[in-house]
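A short worksheet on the structure shown next.
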Amino acid sequence: MNHIEKRFRRKNSLILLIIIIMILLLLGGVLLIRYQAHHQIGGLSRKPVISLKGDTTLRLYPGEKFSDPGVTAKDYRKKDISSHIQTDLDQSSFRKDGTLWKSYSGTITYTLKDYGNRVKKTRKVRTAYRKPDQSSPSYGHGIAVCMFHNIYDANNPPEDLNPNYMSTEELSAILQYLIDADYYFPSWQELRDYIDGKIDLPVKSVVLTFDDCTKDFQKYGIPVLEKYDITATSFVICAKNGKDVLQKYGDAKHINFQSHSYNMHRPGGTIGHGGVFTALSQEEDVADLKKSIDMLGSGEAFAYPFGDYTDTCEAAVKEAGFLCAFTTEYGKVHPGDDPYLLPRIRVNGGCTPEEFARDISDGQEPTEQQTEQ
């Protein structure tokens, strides 16, 4: 075989090899396309299907334990693949045991991946409310709105310690009691609806408030609320520390700031404790209150400075647009109460969980003998 024939054969062999490779590539491409068409781009008939059990909107009553009705899922071959579903739910309104402990409005998202397809299904979750039933033994049971003031480090008590001061240990014990007893923490709108007779709330409901938003409360009280994952309200004297409070704690999750007036927590009146609020005109009162609302970005609740008020003061609070307002009178909030002259349960330092439980349960002011104990 001469040199020319060898070159010819090598050329033909190379061409044949190229043809074989091209055929294999072509066949592989066809198989790949058929696989993708079968498993990934087969239209809706190839996608898995998620089906909700129960209603598309789940309504939970305050204090009720959450239970997901669940979902089922099947692939395009009708095979059950429910175990592959991933569930996403904001758990911030539920305790570890599933108890709904504050109002909630959100969704449950169910996600499933199968053969390259991604399918989602959602269910709405909303707080529902029972209508007041006057025939029920618990009707008009009353809601305790608790009034705290200063909080101090149990290991470093202040020199001017007085009943307005509560230690971090005492506050922690009270919050732990509320958690263990499954208390519900209604919002200001819920409380107003309760007063107006629109809804009923669990017998075990409580609202926590801290007057003046002192530096000690900011330093020691807010961290305790965060630790126990309980939200409370602090009534702020805006002219005194409003800007600093909002700058430091404006984004805090466990505290909401409401008005203790802009600059009316000062002397100048002749009624009660002598607060200036009672000595100003309604126009001056309204201007001050609206200024506090503008600063805080909220006008749901108001606490009268020193607890002093007149008819003019109450009218100003209404005109400013608050949902409710609180005096320092002792007692629980009931349906039919004047929403702008509401009482609170004062909680002083030294209060034990047992005493606290008694006070918020019966709403009766402690006797002199109980106070001395």
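Quick rundown of the values:
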{"quantity": "Rounded Å value of the spacing that divides the Cα centres of region 291-306 and region 153-194", "calculated": "21 Å"}
{"quantity": "Relative contact order of region 218-304, defined on C-alpha pairs under 8 angstrom at six or more residues apart (%)", "calculated": "30 percent"}
{"quantity": "Nitroxide proxy distance, nm - points 7 Å out along Cα→Cβ at Y228 and S136", "calculated": "2.5 nm"}
{"quantity": "Segment S82-D180, extension gain: residue separation times 0.36 nm, minus the distance between their alpha carbons", "calculated": "31.8 nm"}
{"quantity": "Three-way shape call for region 195-320 based on the alpha-carbon gyration tensor, with the a/c threshold at 1.5", "calculated": "oblate"}
{"quantity": "Residue-averaged [θ]222 nm for the chain, counting only DSSP H segments that reach four residues, each worth -39500 (n - 2.57)", "calculated": "-9500 deg cm²/dmol"}
{"quantity": "Low-density loop cleavage sites - trypsin sites (Lys or Arg not before Pro) in region 69-101, where at most 10 other Cβ are within 10 Å (DSSP)", "calculated": "R77, K78, K79, K96"}
{"quantity": "HN-Hα J in Hz across region 141-151 - Karplus 6.51, -1.76, 1.60, θ = phi - 60°, x for Gly and Pro", "calculated": "4, x, 10, 7, 9, 8, 10, 10, 10, 7, 10"}
{"quantity": "Given 14 as the ceiling on other Cβ atoms within 10 Å, longest exposed-site-free region of the chain for chymotrypsin sites (Phe, Trp or Tyr not before Pro) in DSSP loops", "calculated": "140-373"}
{"quantity": "Long pairs among K248/K318; K243/K290; K53/K198; K78/K113, criterion Cα-Cα beyond 27 Å", "calculated": "K248/K318; K53/K198"}
{"quantity": "Under-5 Å amide H pairs with F235, H placed in peptide plane, nonlocal only", "calculated": "F210, D211, D212, C213, Q258"}
{"quantity": "In order through region 339-352: 3J(HN,Hα) via Karplus (6.51 cos²θ - 1.76 cosθ + 1.60), integer Hz, x for Gly, Pro", "calculated": "x, 10, 9, 8, x, 9, 9, 6, 10, 9, x, x, 6, 8"}
{"quantity": "Per-residue ³J(HN,Hα) for region 114-130, Karplus 6.51 cos²θ - 1.76 cosθ + 1.60, θ = phi - 60°, Hz, x for Gly and Pro", "calculated": "7, 6, x, 8, 10, 10, 10, 9, 10, 10, 7, 10, 9, 6, 10, 10, 7"}
{"quantity": "At least 30 Å along the helix axis (C-alpha) and Kyte average at least 0.5, DSSP helices within the chain", "calculated": "3-39"}
{"quantity": "Where labels lie 7 Å past Cα in the beta-carbon direction, separation of K65 and N241 in nm", "calculated": "4.1 nm"}
{"quantity": "Listed residue pairs exceeding 18 Å between alpha carbons, taken from K65/K96; K240/K332; K131/K204; K65/K253; K47/K120; K96/K120", "calculated": "K240/K332; K65/K253; K96/K120"}
{"quantity": "Cα→Cβ-extended label distance, 7 Å offset, between S51 and V203, nm", "calculated": "4.2 nm"}
{"quantity": "Trypsin sites (Lys or Arg not before Pro) restricted to DSSP loop in region 175-253 with at most 13 other C-beta within 10 Å", "calculated": "K198, K253"}
{"quantity": "Among [x] -0.37, -0.74, -1.06; [y] -0.21, -0.48, -0.85; [z] -0.38, -0.64, -0.96, the entry derived from the coordinates for log10 I(q)/I(0) by the Debye sum over Cα atoms at q = 0.06, 0.09, 0.12 Å⁻¹", "calculated": "[z]"}
{"quantity": "Stokes-Einstein translational diffusion, region 141-259 - Kirkwood Rh over all Cα pairs, 0.890 mPa s, 25 °C, in µm²/s", "calculated": "162 µm²/s"}
{"quantity": "Förster-model FRET efficiency, 41 Å R0, R266 and R95, C-beta, rounded to 0.05", "calculated": "0.50"}
{"quantity": "Normalised per residue, the volume of the convex hull around the Cα set of region 108-160 (Å³)", "calculated": "261 Å³"}
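Here, each number is a calculation from the coordinates, and none is a lab measurement. Worth saying up front: this structure is predicted, and the values here are computed from it rather than measured. Note that we place each Cβ from the backbone using ideal geometry, even for glycine, and neighbour counts take in every protein chain shown.
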